[in-house]
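Undergrad: Okay, here's the structure, questions in a sec.
The values are calculated or read from the model by the stated rules, or taken from the named source; none is laboratory data. The model shown is predicted, which means the values in this text are computed figures rather than measured ones. Note that each Cβ is placed from the backbone with ideal geometry, even for glycine, and that neighbours are counted across all protein chains shown.
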Amino acid sequence: MSVACLGAGALGRCLGEQPRGDVRGLARRFQRELASSTDLPWRLATTEDLLFPEATGQRPFWFGAMRW
């Protein structure tokens, strides 16, 4: 739910900057804004299994620092 709020905030910022009646570039700008807003929660959610030593898979180079 928190990540959804981040997405809603990103959409609100993009719509606020968009000229009224012109949607050119809105989708691209929103997707970029959304990606930057949700990057950290996504990384935390998708790497949680790698905390367990028996989990297979390569740990990203930033994994140790992120979990420290």
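Undergrad: Report the residue count in region 8-23 for those that are in contact with a helix residue (DSSP H, G or I) (Cβ under 7 Å, 6 or more places away or on another chain) and in a loop (DSSP other than H, G, I, E, B).
TA: Final tally of qualifying residues: 1.
Undergrad: A follow-up question, please. Just to be sure I understand the filter: pairs with C-beta atoms under 6 Å, separated by 6 or more residues or on different chains, first member in region 41-66 and without any contact (Cβ under 8 Å) to a residue 60 or more places away in the chain, second member basic (Lys, Arg). Which pairs pass?
TA: Matching pairs, first to second residue: LEU50/ARG59.
Undergrad: What are the residue pairs meeting all of these: first residue in region 1-24, first residue closer than 16 Å to TRP42 by Cα, second residue surrounded by 14 or more Cβ atoms within 10 Å (Cβ to Cβ) and among the β-branched types (Val, Ile, Thr), Cβ atoms under 9 Å, and 6 or more apart or on different chains?
TA: Correct list of pairs: VAL3/THR38; LEU6/THR38; GLY7/THR38; ALA10/THR38.
Undergrad: Restricting to region 33-58, count the residues that are closer than 18 Å to MET1 by Cα and among the aliphatic types (A, V, I, L, M).
TA: Number of matching residues: 5.
Undergrad: Taking GLN18 as meeting all but one of (1) at pLDDT 90 or above; (2) surrounded by 12 or more Cβ atoms within 10 Å (Cβ to Cβ); (3) over 25 Å from PHE63 (Cβ atoms), write down the number of the exception.
TA: The single condition GLN18 does not satisfy is (1).
Undergrad: To continue, here is another question. Tell me, which residue of region 24-64 that is β-branched (Val, Ile, Thr) and either at pLDDT below 85 or in a helix (DSSP H, G or I) (or both) is surrounded by the fewest Cβ atoms within 10 Å (Cβ to Cβ)?
TA: It comes out as THR46.
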